[in-house]
1. From R134, R189, R143, grab the single residue that is assigned by TED's automatic domain parsing to the domain that holds L211 and either of a type outside the set (A, V, I, L, M, F, W, C) or assigned to a loop (DSSP other than H, G, I, E, B) (or both).
2. Which ones in the stretch 143-166 are surrounded by fewer than 20 Cβ atoms within 10 Å (Cβ to Cβ) and either without any contact (Cβ under 8 Å) to a residue 12 or more places away in the chain or over 18 Å from N36 (Cα atoms) (or both)?
3. Only one of these conditions is not met by I32: (1) within 27 Å of D158 (Cα to Cα); (2) part of a helix (DSSP H, G or I). Which number is it?
4. Give E79, E15 a once-over and let me know the one that is surrounded by 14 or more Cβ atoms within 10 Å (Cβ to Cβ) and either of a type outside the set (S, T, Y) or in contact with a Lys or Arg (Cβ under 8 Å, 6 or more places away or on another chain) (or both).
5. Going by what's in this entry, would V49 be described as assigned to a helix (DSSP H, G or I), outside the structural domain of E283 (by TED's automatic domain parsing), hydrophobic (A, V, I, L, M, F, W, C) and surrounded by fewer than 18 Cβ atoms within 10 Å (Cβ to Cβ)?
6. (1) closer than 28 Å to L284 by Cα; (2) outside the structural domain of A266 (by TED's automatic domain parsing): which one isn't true of R170, the others all being true?
7. Quick one: in the stretch 184-202, of everything that is within 20 Å of A268 (Cβ to Cβ) and β-branched (V, I, T), which residue is modelled with the lowest pLDDT?
8. Quick check on G54: is it at pLDDT 90 or above, within 21 Å of G164 (Cα to Cα) and not aliphatic (A, V, I, L, M)?
Amino acid sequence: MEYGCELWGEKKWAEAELIQRSMGKFILGAPISMTNEAVLGELGWVPLVDRRLGLRLRYWHKLINMREGRLVKEAYEMERERNGKWAKVTKEGLYKLGLGEFWESQRTRMSQEKWAELLEGKLKGWCELEWKKRMSMKPKLRRYAQRKEELKYERYLDCGHMMGRSLLTRLRTGSSWLRLEMGRRGRLRLERVVRTCEVCWLAVEDGLHFLRECEGYKDLREEAEREIREEWSKRLLVVSGEREWESLFWGEGDQKTSDTVMRYIARAAARRDRVLGTKVYRELKRRIFDS
């Protein structure tokens, strides 16, 4: 898909972006309603158009460091002198990433490896800014944006518990089966304050309530906490308080801790189905193991 994109990569290619996002949702076991920003955020991906820009600028660095007399170098110089489209787009890309000085001097005084490292950092910074701007305009990503500060791959995705992993992804990204999300859908949108948990009837059913607060899963949660405490004690570690518990149940612990959290989430979701007569757990299990 990216063959030769150093030459044509500035073009918009909506179909390729759609393929990337669809594959991301498949990897995450996420529903089609999951936002594009959440897909990129969980996997640490950047839009393909920005990836192609990075490849273009790496190639540009090779061009300016070629020895004089190379045909491709001479073709580049001619393109730059007439301000052709390729040169113009490359210049704009460098300025966008705060690297305009290198276009003006036409030299970097660094190896290809150092240039690639500098470019990767600048590109990631740019993509993160744009990603955060887009997230800020989507109410369903409010909590996600508060917790997710960096465009990076999440370690909980390496856990082997497929059901728990998929359920946690949905909880984290505002794509869940909970009343907070379901109340947004359909013609009769419910006010947030009345999207009450139908298991305990004590609070709005959002991700934090499901993971840390609902009385209906208290025994399951305490069992998971006990397992985590026992494992941590072997490493002479102690969970410092509720804020750290929230982080661990949000999938921000090590792999062993996250495995325990995944089992809790899967058991709690199955119990919710039994209490309410819903089929969220069963339908997700069928979808995962049939795919």
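The values are calculated or read from the model by the stated rules, or taken from the named source; none is laboratory data. Quantities reported herein were computed from a predicted structural model and do not represent experimental measurements. Please note: Cβ atoms are built from the backbone with ideal geometry, for glycine as well, and neighbour counts cover all protein chains shown.
1. None of the others qualify; the one that does is R189.
2. Answer for the stretch 143-166, where residues must be surrounded by fewer than 20 Cβ atoms within 10 Å (Cβ to Cβ) and either without any contact (Cβ under 8 Å) to a residue 12 or more places away in the chain or over 18 Å from N36 (Cα atoms) (or both): Q146, E149, R155, D158, G160, H161, M162.
3. Condition not satisfied by I32: (2).
4. Sole residue among the options that is surrounded by 14 or more Cβ atoms within 10 Å (Cβ to Cβ) and either of a type outside the set (S, T, Y) or in contact with a Lys or Arg (Cβ under 8 Å, 6 or more places away or on another chain) (or both): E79.
5. yes
6. Of everything listed in (1) closer than 28 Å to L284 by Cα; (2) outside the structural domain of A266 (by TED's automatic domain parsing), R170 misses just condition (2).
7. T196
8. no
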